[in-house]
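Engineer: Could you have a look at this structure, given as structure tokens, before my questions?
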Amino acid sequence: MFFKGNLHLSLNRLDLAVTDFRGAQELRADLRSYQGLVRAYLALSKCKDALFTAREAMKVMHQSAKTLKLVGDVHAISSTGREKAIKFYESAIRLEPGFLGAALALADLHVAEGRNKEAFLLLERYLRQWADDSLHVKLAQVFAATSLLSDALSHYQSVLRSVHFLLELKLRNSNPKL
């Protein structure tokens, strides 16, 4: 049911996606079924249903940084809910300091609120601890949005070097004669 829900979601058949994700929850209420259901409700502009579902996930999965982020994602949809979203994202990060998804979402909110310096500091702190291409991409986007183009270019180049290295490694492993 979960896979059907994602398929219906990608085909913009949102009512069917809701039905599928609800069915998946009946079989096994796990994070993926809650996440899918929240995405479907948000796509249908049913924010109250999305928030109810995200909070339900939080009750079922105690002490889960991912459910805290899910509630934050719902709050982040409206400009009036951004401060609440920030609190949920920060709680998720405190609970699971290595949770990159919450850090990226928090950085997005900082940018949306015009707090670019906070976004830079957060992303750079994560980059020192976890060398992840998504951090470089997000930093490049923030730098580009604030017209710091040479810094943006530097982070995009870092991602390209990483991708080039991985492609080269894959090519060597698939053809040992190289």
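The values are calculated or read from the model by the stated rules, or taken from the named source; none is laboratory data. Just so we're clear, the structure is a prediction, and the values are computed from it rather than from any experiment. When we count neighbours, we look across all protein chains shown, and the Cβ atoms used for this are built from the backbone with ideal geometry, even at glycine. Remember, those area values only see protein heavy atoms, side chains included, never the ligands or the DNA or RNA. Shrake-Rupley method; radii C 1.70, N 1.55, O 1.52, S 1.80 Å.
Engineer: May I ask you to verify whether residue 163 is open to solvent by 60 Å² or more (accessible area, probe 1.4 Å), of a type outside the set (Lys, Arg), in a helix (DSSP H, G or I) and touching a residue at least 24 places away in the same chain (Cβ under 8 Å)?
Structural biologist: On the way: open to solvent by 60 Å² or more (accessible area, probe 1.4 Å): yes; of a type outside the set (Lys, Arg): yes; in a helix (DSSP H, G or I): yes; touching a residue at least 24 places away in the same chain (Cβ under 8 Å): yes.
Answer is yes for this residue.
Engineer: Also, I was wondering about something else. Among the residues of segment 25-74 satisfying the criterion of being charged (D, E, K, R) and open to solvent by less than 60 Å² (accessible area, probe 1.4 Å), which is farthest from residue 112 (Cα to Cα)? Before you say what the answer is, go through the steps one by one.
Structural biologist: To start, the set of residues in segment 25-74 that are charged (D, E, K, R) comprises 26, 28, 30, 32, 39, 46, 48-49, 55-56, 59, 66, 69, 73.
Then drop every residue that is not open to solvent by less than 60 Å² (accessible area, probe 1.4 Å), which leaves 30, 56, 69, 73.
Numbers: 30: 31, 56: 27, 69: 17, 73: 14 Å.
Selected residue: 30.
Engineer: Also: Which of the residues that make up segment 20-43 are of a type in the set (Asp, Glu) and assigned to a helix (DSSP H, G or I)?
Structural biologist: Kept after step one, since they are of a type in the set (Asp, Glu), are these residues of segment 20-43: 20, 26, 30.
Result: 20, 26.
Engineer: Which of the residues belonging to segment 104-117 are under 19 Å from residue 81 (Cβ atoms) and part of a helix (DSSP H, G or I)? Walk me through how you get there before you give the answer.
Structural biologist: Let us first name the residues in segment 104-117 that are under 19 Å from residue 81 (Cβ atoms), namely 104-115.
104, 105, 106, 107, 108, 109, 110, 111, 112 - these are the residues of segment 104-117 that are under 19 Å from residue 81 (Cβ atoms) and part of a helix (DSSP H, G or I).
Engineer: Quick check: anything in segment 137-156 of a type in the set (D, E, K, R), assigned to a helix (DSSP H, G or I), open to solvent by less than 50 Å² (accessible area, probe 1.4 Å) and out of contact with any strand residue (DSSP E or B) (no Cβ under 6 Å at 6 or more places or on another chain)? Lay out the reasoning, then the answer.
Structural biologist: Initially, segment 137-156 is screened for residues of a type in the set (D, E, K, R), giving 138, 151.
If we keep only those that are assigned to a helix (DSSP H, G or I) too, we end up with 138, 151.
When the remaining residues are screened for being open to solvent by less than 50 Å² (accessible area, probe 1.4 Å), the result is 138.
From the residues that got through so far, the ones that are out of contact with any strand residue (DSSP E or B) (no Cβ under 6 Å at 6 or more places or on another chain) too are 138.
Yes, segment 137-156 contains at least one residue that is of a type in the set (D, E, K, R), assigned to a helix (DSSP H, G or I), open to solvent by less than 50 Å² (accessible area, probe 1.4 Å) and out of contact with any strand residue (DSSP E or B) (no Cβ under 6 Å at 6 or more places or on another chain).
Engineer: If I go through segment 68-81 residue by residue, how many of them are at pLDDT below 95 and touching a helix residue (DSSP H, G or I) at 6+ places or on another chain (Cβ under 9 Å)?
Structural biologist: 4
Engineer: Can I ask one more? Could you check how many residues of segment 1-17 are in a loop (DSSP other than H, G, I, E, B) and within 11 Å of residue 39 (Cβ to Cβ)? Don't jump to the end; show me each part of the working.
Structural biologist: Within segment 1-17, the subset in a loop (DSSP other than H, G, I, E, B) is 1, 11-13.
Okay, now just the ones that are also within 11 Å of residue 39 (Cβ to Cβ), so none.
Residues meeting the conditions: 0.
Engineer: Looking at 90, 56, 83, which one is over 22 Å from residue 134 (Cβ atoms), touching a residue at least 12 places away in the same chain (Cβ under 8 Å) and of a type outside the set (Ser, Thr, Tyr)? Talk me through it step by step, then tell me what you get.
Structural biologist: Numbers: 90 fails: over 22 Å from residue 134 (Cβ atoms); 83 fails: touching a residue at least 12 places away in the same chain (Cβ under 8 Å).
From the options 90, 56, 83, the qualifying one is 56.
Engineer: Here is a list of conditions, (1) touching a helix residue (DSSP H, G or I) at 6+ places or on another chain (Cβ under 9 Å); (2) assigned to a helix (DSSP H, G or I), and residue 131 meets all of them except one; can you say which number that is?
Structural biologist: Status for residue 131: all satisfied but (2).
Engineer: Of all residues in segment 96-116, which are buried (at least 16 other Cβ atoms within 10 Å of the Cβ), farther than 14 Å from residue 129 by Cβ and over 11 Å from the mean Cα position of the chain (by Cα)?
Structural biologist: Those that are buried (at least 16 other Cβ atoms within 10 Å of the Cβ), farther than 14 Å from residue 129 by Cβ and over 11 Å from the mean Cα position of the chain (by Cα): 109, 110, 111, 116.
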